[in-house]
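J.: Dropping the structure in here first, questions after.
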Amino acid sequence: MQALPYWRLSGYYFFYFAFIGAFSPYFGLYLQSLSFSAWDIGLLMSQMQLMRLFAPYLWGALADRMGQRVGIVRLAGVVSLIGFASFFVVRSFEAMLLAMALLAFFWSAALPLVETLTFDHLREQPARYSRIRLWGSIGFIVAVMGTGALLDQLPLSALLWVIAATLAGIMIYALAVPEAPSHGATGAQVPVGEILRQRRVKALFAACLAMSAAHGAFYVFYSIHLADHHYSKFAVGCLWSLGVLAEIVVFFFMVGLLRRFGLRTILLASFAAAIARFLVIGWGVESVPLIVIAQLLHGLTFGAYHATAIAAVNRWFPGRCQARGQALYSSLSFGAGGLLGSLLSGWSWDAWGAGPTYTMSSAFALFGLLFVAVGVKSGDLDDPGGSHPAPIAGFAHGSGGKE
């Protein structure tokens, strides 16, 4: 049996989520320092979601057909770094939009493929997935807190060097990660189109789109919102890190929560928590205790939610459909939903302000809750045989949500 490349996989996750920890909380602040409007910032940041609307599925389908997952992951690492390097020289909105699109198109290709690679390497020991993926959480926390402390001392332009360093780490570990034999089912395959026509799949994907749309204002404007209310950049980093720590706690207790409550109940609780969380962020920002509570709810609104959704996708898209199922989940939720949330929040932030914008986020979460309540039944998600514990137990995202 091939030896598990533990540190090579762990290192990839570390730098992948370190990039998110440096980019997501602070790049909006950098764009604001260049005097871009809220609409411009929303449009630029939305490229990460726009490309995830279709790029992961294209890359996933290509990997399924060619069996070249590692080659695509390596290409993505190299071109992502090249695309981001252009931010050192461009300043116009149009050039930045093109650079962001290039970065996003290739960067979004990697994670669904690395997930399938990791599980293929772990075929005989799936419980170790959590120990590998946990390094993603560590990478995010190190990056978000370290970058916040650094930017309290240095100009915001220093952020470009921090992000470039994380992308260089991704590229180095992408070149080091080995291919693994695919262990997809060898029997008759269910067509992807047939799976997508199932009631439970349509309802879950609609709910996931709504949840990602609900997070749009959070990912684009949360740091700006806090900075506008006199939170230091280090405090901003600590609050982002608190959300990831809440994810990790949920991850460690997920198996016990699953056995006690079931996946559908946990999913409904996650959407209910999102409704409350975004109302608190929008209207309670002056209260540090309330903002801390809102960040702790990230353990539900992303950690438990994502673990449940990704487990359902793993079950409902079997065999050779798995890479495309993962890509569709990413495209329809983080892609379409994130794009919708980013663009709407960019418009409403200028037109209405923070409070109404985050109220709109809560409304999206409410729609998601209704989709789950009506369209997903307990038997659709819960696995009586207990044959799928690893995907649920292992998904401590460690990204603050922007996968």
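J.: Which FRET efficiency, nearest 0.05, do TRP352 and LEU290 yield, Cβ-Cβ r, R0 25 Å?
T.: It comes out at approximately 0.75.
J.: Now, a different point. Please list, in order, the residues from segment 216-235 whose amide nitrogen is less than 16 Å from a point placed 7 Å along the Cα→Cβ vector of ASP152.
T.: Answer for segment 216-235: 226-235.
J.: Take ALA363, project a point 7 Å from its Cα along the Cβ direction, then tell me which residues of segment 322-357 have their backbone nitrogen under 18 Å from it.
T.: Zone members listed by number: 337-357.
J.: Further question on the same structure: Among LEU122, LEU263, LEU154, which one shows the highest mean-square fluctuation when the chain is modelled as a Gaussian network with alpha-carbon springs under 10 Å?
T.: Looking only at LEU122, LEU263, LEU154, the largest GNM fluctuation is found for LEU154.
J.: Using a Gaussian network model on the chain with a 10 Å cutoff between Cα atoms, which of PRO356, PRO289, PRO112 fluctuates the most?
T.: The residue that fluctuates most here is PRO289.
J.: Please build a GNM for the chain, connecting alpha carbons under 10 Å apart, and tell me which residue among PHE93, PHE251, PHE84 fluctuates the most.
T.: Judging by the Gaussian network model, the answer is PHE93.
J.: Same structure, new question: Would you mind getting the Kirkwood hydrodynamic radius of segment 196-328 from its Cα pairs, rounded to one decimal in Å?
T.: After inverting the pairwise mean of 1/r, the radius is 15.9 Å.
J.: Can you give me the relative contact order of the chain as a percent, contacts being Cα pairs under 8 Å and 6 or more apart?
T.: 31
J.: Taking 30 Å as R0, compute the FRET efficiency from the Cβ-Cβ separation of ARG131 and LEU58 and round it to 0.05.
T.: Rounded to the nearest 0.05, the efficiency is 0.45.
J.: Suppose R0 equals 22 Å. What FRET efficiency, 1/(1 + (r/R0)^6) with r the Cβ-Cβ distance, do PHE253 and TYR6 give to the nearest 0.05?
T.: Here the calculated transfer efficiency is 0.35.
J.: Return the ratio Rg/(2.2 N^0.38 Å) for segment 253-375, where Rg is computed over Cα atoms only.
T.: 1.16
J.: Let me ask you something else. Report the gain in length on full extension from TRP39 to ARG91: 0.36 nm times residue separation, minus Cα-Cα distance, nm rounded to one decimal.
T.: Full-extension gain reported as 17.1 nm.
J.: Run the numbers for ALA235 and ILE82: contour at 0.36 nm per residue of separation, minus the present Cα-Cα distance, in nm.
T.: Extending this stretch completely gives an extra 52.0 nm.
J.: Indicate the helices, whole DSSP H runs only, in the chain that combine a mean Kyte-Doolittle hydropathy of 0.0 or more with a Cα extent along their long axis of 20 angstrom or more.
T.: Membrane-span-like by this rule: 6-33, 69-85, 93-107, 129-151, 159-176, 199-214, 233-261, 263-283, 354-375.
J.: Take the chain, mark every one of the trypsin sites (Lys or Arg not before Pro) that falls in a DSSP loop and has at most 16 other Cβ within 10 Å, then report the longest stretch left between them, sites excluded.
T.: Between the exposed loop sites, the longest stretch runs 198-376.
J.: While we're on this one: When the gyration tensor of segment 319-362 is built from Cα positions, what are the square roots of 5 times its three eigenvalues, in whole Å, from largest to smallest?
T.: Over the Cα atoms of segment 319-362, the ellipsoid semi-axes are 32, 9, 4 Å.
J.: Using 0.36 nm per residue of separation minus the Cα-Cα distance, give me the extension gain between ALA168 and THR265 in nm, one decimal.
T.: Going from the current span to full extension adds 30.8 nm.
J.: In deg cm²/dmol and to the nearest 500, what is the mean residue ellipticity at 222 nm of the chain if only DSSP H runs of at least 4 residues count, each as -39500 (n - 2.57), divided by the residue total?
T.: Theoretical 222 nm ellipticity from helices: -24000 deg cm²/dmol.
J.: What Kirkwood radius, in Å to one decimal, follows from the Cα pairs of the chain?
T.: About 20.9 Å, per the Kirkwood formula over Cα pairs.
Any read-out appearing in this document is the output of simple, stated calculations on the displayed coordinates, not a laboratory observation. Since we're looking at a predicted model, the values are computed, not measured. Here the Cβ is made from the backbone with ideal geometry for all residues, glycine too, and neighbour counts use every protein chain on show.
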